[in-house]
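Computed from the coordinates by the stated procedures, all read-outs in this text should not be read as laboratory data. As the structure is a computational prediction, the values presented were derived from the model and not from experiment. In this analysis, Cβ positions are derived from the backbone assuming ideal geometry, glycine residues included, and neighbour counts consider all displayed protein chains.
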Amino acid sequence: MSTAALSERKYRAVLSRFLPAVIRTEAEYRRMLAAASELMDRHEDDLSAEEGRVLELLSMLIEEYEDRVHPLPSGQPGKMVAHLLEEHRLKPSDLWGFSPKSRVSEILSGKRSIIEDQARKLAEFFHVPVDLFL
């Protein structure tokens, strides 16, 4: 992505191509995801400064919609694990490599907390910050 000053003409052209707007519906959400994906599929060096700014804007709009419509559970690590399993269409058995079956069950039921080593492994597995589990 270029660090040059934005060209108003080029920026308007990129905006008119992707039409970023506050996301209110699932259809708009999917359209914004597709637009962001199209830009992210290109190598960073191939993005113009204008495209980079629009990608940043799309990312902010997508994040705001996700936070509003699909908030992550807070304060309960077991619920976070259950939520992430559901989001990734996984089963508790997919976590048995991190912890024994009985411990995974206890974590999901809230009977057992997640220790730091498990939290680190879960964070790597789900590609999320480790503090979601602590």
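Put +1 on the Cβ of every Lys and Arg and -1 on every Asp and Glu Cβ in the stretch 8-69; which of T25, A36, I62 then has its Cα farthest towards the positive end of the dipole? So the residue we want is T25.
Once the C-beta distance of S113 and D45 is scaled by a Förster radius of 35 Å, the resulting FRET efficiency is 0.20 to the nearest 0.05. When each of the peptides 50-59, 117-126 is scored by how many other beta carbons lie within 10 Å of its residues on average, the order from highest to lowest is 50-59, 117-126. In plain terms, the bigger the Kirkwood radius, the slower the diffusion; for the chain, with that radius from Cα pairs, at 10 °C and 1.306 mPa s, Stokes-Einstein puts D at 92 µm²/s. Annotation: extensible slack from E26 through R12 equals 2.5 nm (criterion: 0.36 nm per residue apart, minus Cα-Cα distance).
From the alpha carbon centroid of the stretch 66-134 to that of the stretch 37-64 is 30 Å.
Taking a ≥ b ≥ c as the square roots of the eigenvalues of the alpha carbon gyration tensor, the stretch 77-133 is rounded, as a/c is under 1.5.
Computed about its Cα centre, the charge dipole of the stretch 32-134 is approximately 1060 debye, with only Lys, Arg, Asp and Glu carrying charge at their Cβ.
Taking every alpha-carbon pair under 8 Å whose residues sit at least 6 apart, the stretch 77-133 reaches a relative contact order of 42 percent.
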